[in-house]
1. Restricting attention to region 1-23, which residues are open to solvent by 10 Å² or more (accessible area, probe 1.4 Å) and closer than 14 Å to Cys105 by Cβ?
2. Picking from Ser28, Ser73, which residue would you name as being within 20 Å of Leu131 (Cα to Cα), within 15 Å of the ligand (Cβ to nearest atom) and open to solvent by 10 Å² or more (accessible area, probe 1.4 Å)?
3. Scan region 176-204 for residues that are within 16 Å of the ligand (Cβ to nearest atom) and either more than 21 Å from the chain's Cα centre (by Cα) or assigned to a helix (DSSP H, G or I) (or both) and jot them down.
4. Can you tell me how many residues in region 205-232 are assigned to a loop (DSSP other than H, G, I, E, B) and touching an Asp or Glu at 6+ places or on another chain (Cβ under 7 Å)?
5. Pairs needed: first member in region 179-202, open to solvent by 40 Å² or more (accessible area, probe 1.4 Å); second member anywhere, more than 16 Å from the ligand (Cβ to nearest atom) and not aromatic (Phe, Trp, Tyr); C-beta distance under 6 Å; at least 6 residues apart or different chains.
6. Within region 294-350, track down each residue that is in contact with a Ser or Thr (Cβ under 7 Å, 6 or more places away or on another chain) and in a helix (DSSP H, G or I).
7. Suppose we filter Arg284, Arg298, Arg293 for residues that are within 30 Å of Ile69 (Cα to Cα), within 16 Å of the ligand (Cβ to nearest atom) and open to solvent by 30 Å² or more (accessible area, probe 1.4 Å); which single one remains?
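The values are calculated or read from the model by the stated rules, or taken from the named source; none is laboratory data. A quick note: this is a predicted structure, and the numbers were derived from the prediction, not measured. Positions of Cβ are generated from backbone atoms using ideal geometry, with glycine treated the same way; all protein chains shown enter the neighbour counts. When the accessible area is computed, the model is the full protein with side chains, heavy atoms only, and any ligands, DNA or RNA have been set aside. Shrake-Rupley method; radii C 1.70, N 1.55, O 1.52, S 1.80 Å.
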Amino acid sequence: MLRIGLLTSGGDCQALNAAMRGVVKGLSANVPDLEVYGFFNGYHGLIYGDYRLLTSNDFSGILTKGGTILGSSRQPFKLMREPDENGLDKVEAMKSNYYKLNLNCLVILGGNGTQKTANLLREEGLNIIHLPKTIDNDIYGTDMTFGFYSAVNIACEAIDCIHTTAASHNRVFIVEVMGHKVGWLTLYAGVASGADIILLPEIPYDDDKIVEAIEARHKAGKGFTILAVAEGAISKEDAKLSKKELKKKQEKEGYPSVSYRIAKMIGDRTGAEARVTVPGHTQRGGSPCPYDRALCTRLGSAAAKAIMDQKYGNMVAIVDGETKLVPLGEVAGKLKTVDPECKMIKEAKRIGISFGD
Ligand code: F6P
């Protein structure tokens, strides 16, 4: 008898169901006696014993379905060691539910924060397999996270739509792209949709350079300019501030997000009408793109093999096109950022894209 637990934690993304289907199909085709327990709403379900025994029917027809059949929630890693409002020790509660169900392994799908808790549970002696989920693509140790390309498609479509209206009105348009503290999503969506200026957290921007790029386009007879701005983009001056100083400054300025600050600056300095579009959570919605479906089927199947081989304590990564087991202890707590000197940035700059630096 093999008993596994499954949970999806943190912000959702498009291919969570595809990944769980890969795991369960990979196991059920090869293990005669399998029980799969699904914990609801991420670690919340594991802490409070909210779970259900799942059947193969639960994993049928979900390859193309967005969201997660198990639900998800954010349970911050930094609060894991703090008791809940009723004094419950969350880590002990998770361990107790794991042992109560006699699980052989817990398969955890999530991003960076989720991975840190997965590693903590590994350190506490549980058998863990982690699958790297996030539209941000910022998980260290894997070339790709699932959800990323589906989100690139949506952000790219948003910028494509902006292109036609920007051209009719001779305006400056800013599309704010998700990605948390890193610029992968903005970089790929921006390049794929022909954005003129791309601003990433990893390359602090200079207002003068943004204005220069807009004016250069104007002089060249281009009436409009499109900026793809990462939600975490930051100016050169702001990058020098401490976290506390920055928070104080942002509160004083009162902009809903960085894009609105840039739009005001462009309007004031160039006289151009600047509009902001924020696709927001649409970037995490809808069905997974074919790349993510194939990626998750591979990662899920590789996770099934890792479980059958009892190679616990690993993230199932994709490295140089191949699935690979990467020890959680080597990657948890690390962030994969865009290297400002990478070839993709150099190639984009060569064709005239400005990064505001
Ligand atoms: O990590 C995924 C992500 O969508 C980020 O890109 C974004 O910053 C964040 O989650 C939004 O979080 P929430 O859904 O909690 O608003």
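1. Residues satisfying the conditions are Met1, Leu2, Arg3.
2. Details: Ser28 fails: within 15 Å of the ligand (Cβ to nearest atom).
From the options Ser28, Ser73, the qualifying one is Ser73.
3. Within region 176-204, the subset within 16 Å of the ligand (Cβ to nearest atom) is 176-190, 199-202.
Of everything in region 176-204, those that are within 16 Å of the ligand (Cβ to nearest atom) and either more than 21 Å from the chain's Cα centre (by Cα) or assigned to a helix (DSSP H, G or I) (or both) turn out to be Trp184, Leu185, Thr186, Leu187, Tyr188, Ala189, Gly190.
4. Going residue by residue through region 205-232, those that are assigned to a loop (DSSP other than H, G, I, E, B) are 206, 220-224, 231-232.
Narrowing further to those that are touching an Asp or Glu at 6+ places or on another chain (Cβ under 7 Å): 206, 231.
Looking only at that region, the number is 2.
5. Val191/Ala348
6. The answer is Arg298, Leu299, Ala302.
7. Values: Arg298 fails: within 16 Å of the ligand (Cβ to nearest atom); Arg293 fails: within 16 Å of the ligand (Cβ to nearest atom).
Only one candidate qualifies: Arg284.
Conditions tested, residue by residue: (1) under 19 Å from Ala304 (Cα atoms); (2) outside any strand (DSSP E or B).
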site: Gly5; (1), (2): yes, no
site: Asp12; (1), (2): no, yes
site: Gly26; (1), (2): yes, yes
site: Pro32; (1), (2): yes, yes
site: Arg74; (1), (2): no, yes
